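Engineer: Provided herewith is a single structure, encoded as structure tokens, for subsequent inquiry.
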Amino acid sequence: MARKKSHQQHHKAHRPRFWGRHAVSAALDNPRRTVVKAWATRDAAGFLQFPPELPVTLADVADLGRLVPNDAPHQGVVIEVEPLEDVWLDDLLADPGESAVLLVLDQVTDPHNVGAILRSAAAFGAIAIVTQDRHSPPESGALAKAASGTLEAVPWVRTVNLARALEDIAQAGFWRIGLAGDADMDLKEALGPKRVAIVLGAEGPGLRPNTREHCDALARLPISNAVESLNVSNAAAVALYAATVG
């Protein structure tokens, strides 16, 4: 698996702003994260552990509201950060461990869904999420808030070609299970190998045909007829539970 030139430059062209105490605290605690600016109310500045070299601008609640979109719930603190450095798939797969769960997202673009998926990935010990670079959201305040600090904890691999990434994942010994409502078997039947890659598609279109062809099995979640499908982040949480807890 040759290392390829980074294709994340369009993600790194801007510095996202994070807000909310969980997202901000996690970013401050992450040695891989560079925090450039910070704004906080006096109360929040006393509560959070800002590094001494980081200048903090004291601001009132209304001023902070103007720094974030749609007056987002900033909880008294906003920071501006550099996006995290690339995580390389070949590094991740070099030693994934005897038992490992990996999440692969096929054009899931909603930042709230990806943030919630990161949170579930952290909760159930998934080793990473893998997305297609040009069809996934950049780091943002909304995504970081939904992730509740786990954007800093779960490795996120962005790849140009998702089908090729799935081939590399298979070569590393992972059993690739694509979630699809029209599958013939339940997820429990598809599970077995200790290394599992769970592949989820976007809401509505689901998995693309080429992605389905790069899965070893297709499986459905055993939900009732009361609902047609689950939100992709809820589906990810259920699948992670099944794969890690059984």
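None of the figures in this text is laboratory data; all of them are computed from the coordinates on show. From a predicted model like this one, the values you see are computed outputs, not experimental measurements. Backbone-built Cβ (ideal geometry, glycine too); neighbour counts: all protein chains shown.
Engineer: Among (i) 19.0, 65; (ii) 19.0, 58; (iii) 19.9, 62, which is the computed Rg and Dmax of the Cα atoms in Å?
Structural biologist: Read-out from the structure maps to (ii).
Engineer: In segment 27-102, which GluC sites (Glu not before Pro) are in a loop and have at most 14 other Cβ atoms within 10 Å, using DSSP for the loop call?
Structural biologist: Within segment 27-102, the qualifying GluC sites (Glu not before Pro) (loop, at most 14 other Cβ atoms within 10 Å) are E53, E85, E98.
Engineer: Going 7 Å from the Cα of V160 toward and past its Cβ, which residues in segment 56-93 have a backbone nitrogen under 20 Å from where you end up?
Structural biologist: 85-93
Engineer: If I stretch the segment between Y241 and D91 completely, what's the gain in nm (0.36 nm per residue apart, minus their alpha carbon distance), one decimal?
Structural biologist: Working it through step by step, the gained length comes to 51.5 nm.
Engineer: Let's see if you can work this out: charge +1 on each Lys and Arg Cβ, -1 on each Asp and Glu Cβ, no other charges. What is the dipole magnitude of segment 62-183 about its Cα centre, in debye to the nearest 20?
Structural biologist: I would put it at about 380 debye.
Engineer: If you keep only loop residues by DSSP, which trypsin sites (Lys or Arg not before Pro) in segment 66-151 have at most 14 other Cβ atoms within 10 Å of their Cβ?
Structural biologist: R66
Engineer: List S140, S99 from most exposed to least, where exposure is judged by having the fewest other Cβ atoms within 10 Å.
Structural biologist: S99, S140
Engineer: Among DSSP beta bridges whose residues both lie in the chain, state the antiparallel percentage, nearest 5.
Structural biologist: Once the DSSP bridges in the chain are tallied, antiparallel ones form about 25 percent.
Engineer: Another question, then. Stretch R21-D216 to full length: gain in nm at 0.36 nm per residue minus the Cα-Cα span?
Structural biologist: The span from R21 to D216 would gain 66.1 nm if fully extended.
Engineer: Moving on. If the viscosity is 0.890 mPa s and the temperature 25 °C, what translational diffusion coefficient in µm²/s does Stokes-Einstein give for segment 153-217 when Rh comes from Kirkwood over Cα pairs?
Structural biologist: Rounded to a whole number, D works out at 195 µm²/s.
Engineer: A further question on this structure: Determine the relative contact order of the chain: mean sequence separation of Cα pairs under 8 Å and six or more apart, normalised by residue count, in whole percent.
Structural biologist: Dividing the mean separation by the residue count of the chain yields 21 percent.
Engineer: Then there's this: Any chance you could list the semi-axes, whole Å, largest first, of the equivalent ellipsoid that the Cα gyration tensor gives for segment 17-81, using √(5λ)?
Structural biologist: 17, 13, 10
Engineer: Go ahead and run the numbers for FRET between D63 and E203, Cβ-Cβ distance against an R0 of 41 Å, rounding to 0.05.
Structural biologist: Given R0 = 41 Å and the Cβ-Cβ separation, E is 0.65.
Engineer: Return the FRET efficiency for the residue pair V36, R134: r is the Cβ-Cβ distance, R0 is 25 Å, and the value is rounded to the nearest 0.05.
Structural biologist: With a Förster radius of 25 Å, E is 0.45.
Engineer: Additional query: Test of understanding: ordering W175, W19 by Cβ neighbours within 10 Å, fewest first, what list do you get?
Structural biologist: The fewest-first ordering by Cβ neighbours comes to W175, W19.
Engineer: Follow-up question, since we're still on this one. For the chain, what does the helix formula give at 222 nm: sum of -39500 (n - 2.57) over DSSP H segments with n ≥ 4, over the residue count, nearest 500 deg cm²/dmol?
Structural biologist: -8500 deg cm²/dmol
Engineer: Express in whole angstrom the spacing between the alpha-carbon centres of segment 196-224 and segment 86-158.
Structural biologist: 17 Å
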